[in-house]
Structures are given as C-alpha cells and as structure tokens.
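Heads up: the structure comes next, in structure tokens.
The values are calculated or read from the model by the stated rules, or taken from the named source; none is laboratory data. The model shown is predicted, which means the values in this text are computed figures rather than measured ones. As a convention, Cβ positions derive from the backbone with ideal geometry for all residues, glycine included, and neighbour counts pool all protein chains shown. Note: areas computed on protein heavy atoms with side chains; ligands, DNA, RNA excluded. Shrake-Rupley method; radii C 1.70, N 1.55, O 1.52, S 1.80 Å.
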Amino acid sequence: MSLLSLLFVCWSLTDYCLVGALCGILLQPSTPLQLIIFYEDRNFQGRSYECMSDCSDMSSYLSRCNSCRVENGCFMVYDRPNYMGNQYFLRRGEYSDYMSFGMSDSIRSCRLIPQHRGSYRIRIYERENFQGPNHELMDDCDNIMDRYSLSDCQSCNVIDGHWLMYEQPHYRGRMVYLRPGEYRSMRDIGYSGMRLSSARRIMDSC
C-alpha cells in the first residue's frame, strides 16, 4: 500500500470515529427536566406558572396558587413565602386542590429537590448546636427515640443525600426537608419546639 493510500485510510477512520462519537453524544438519552406547574385555581384552572427551580415567593407569578401538577421530579411546597411555614413533599402526579395533600392554605413557595445517586448520611444530635448524644443514620428510621434512646433531636448535620424528617414516629405528622448542610437548631428553619421522631431518605425513584 502506498503512503498516500495509507494516509487516506487513517484519515477516514479518524473521521468515522469522530462522527460516531458525536452521534453517540447526540443520541444518548437525556435526564428529563424536573418540572412542576402551578395553577391559580383548583382543578388546574386559571393562569399557570411552570417552575423548574426554587421559587421563594409564588406571588411574583400568580395572585394565588390552589392546585399543581408535578410533571417530573420531586418538590417541597410551603404555605408561606421564603420556604417557611408548613411544608409538603410532592412527587410526580396531579394535585387538584391544595387540601388534597393536607395543606390548610394555598402554596406560597416551592423548592426543587435535586436528584441524588449515592450514599445517604445524616448525623443527629439530641440538643441544639450539635450537643449531647448523637448518632449517624444511613437508612430510613421509623422511630429515632426508640432505636437510639434519644430524648429529642434538636440539631443535625446532613452529610450526604436529601432527607425528610417527621415530628412523629413512622413518618407521620409535620415534615421538614433537609438538604446537605448543618442545622444547629430547628428554629433556624422555622420549627421551634418541633420534635423530630423519624427520618426518611428522598430516593431518586421519585
């Protein structure tokens, strides 16, 4: 084979590989965007607002918010602006009335829960400011007080993953969404006096 022919073959193979790699990238399935649609009125009526991120005040987009539809992903919704007040966990589905999932007032703010793949770790402390007996959780726990003999849980450090904490055992009662970070007191997130009694991981299957 002549040198010219050899160079042509090498160029063709290189070109083919580059095209193949590019096609592979273009054809690779993409992760669906997390999306929630809010509506002013019940039963998905009235003006709407599509949201794919955190929203600290729904009044910037709608005069009120009485129903919503989660197209993909998981979200926390709150009955007060700036992620305060009672909060509720919503996964993919339709919510024709804010009362359908226990909310007593219209939705005022929402927070997107990022998808997480990997380990889950949270360290809980009996008292505020990471004081007192403490334990590390890597799985769901339906009764913190019984399993770890704690009298309370007033601060925590979320090391990996996203968690829901509940005020009653067996994942009942009011809930609190905790993403990675340090929480020196439940007062910092508007839950003064709330006792955290059970914990559940927010899995990527939602």
### Message
Between a residue in the range 128-142 that is without any contact (Cβ under 8 Å) to a residue 40 or more places away in the chain and any residue that is basic (Lys, Arg), which pairs come within a Cβ distance under 8 Å, given they are 6 or more apart or on different chains?
### Response
Asn134/Arg123; His135/Arg123; Glu136/Arg121; Glu136/Arg123; Met138/Arg121
### Task
Looking only at the range 122-135, decide whether some residue is closer than 12 Å to Ile36 by Cβ, open to solvent by 40 Å² or more (accessible area, probe 1.4 Å), under 20 Å from the mean Cα position of the chain (by Cα) and charged (D, E, K, R).
no
#### Entry: Checking Asp188 against (1) closer than 23 Å to Asp57 by Cα; (2) touching a residue at least 12 places away in the same chain (Cβ under 8 Å), the condition it does not meet
(2)
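Given the condition surrounded by fewer than 16 Cβ atoms within 10 Å (Cβ to Cβ), within 26 Å of Ile113 (Cβ to Cβ) and either under 28 Å from the mean Cα position of the chain (by Cα) or modelled with pLDDT of 50 or more (or both), answer yes or no: does some residue in the range 5-14 qualify?
no
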### Message
If I filter the range 87-108 for residues that are among the aliphatic types (A, V, I, L, M), in contact with a His (Cβ under 7 Å, 6 or more places away or on another chain) and within 23 Å of Asp188 (Cβ to Cβ), do I get at least one hit?
### Response
no
### Query
Looking only at strands (runs of 3 or more DSSP E) that fall completely inside the range 66-112, which ones have 3 or more residues that are open to solvent by 30 Å² or more (accessible area, probe 1.4 Å) and closer than 18 Å to Tyr49 by Cα?
67-72
### Task
Kindly indicate whether Glu94 is at pLDDT 95 or above and either over 14 Å from Cys74 (Cα atoms) or aliphatic (A, V, I, L, M) (or both).
no
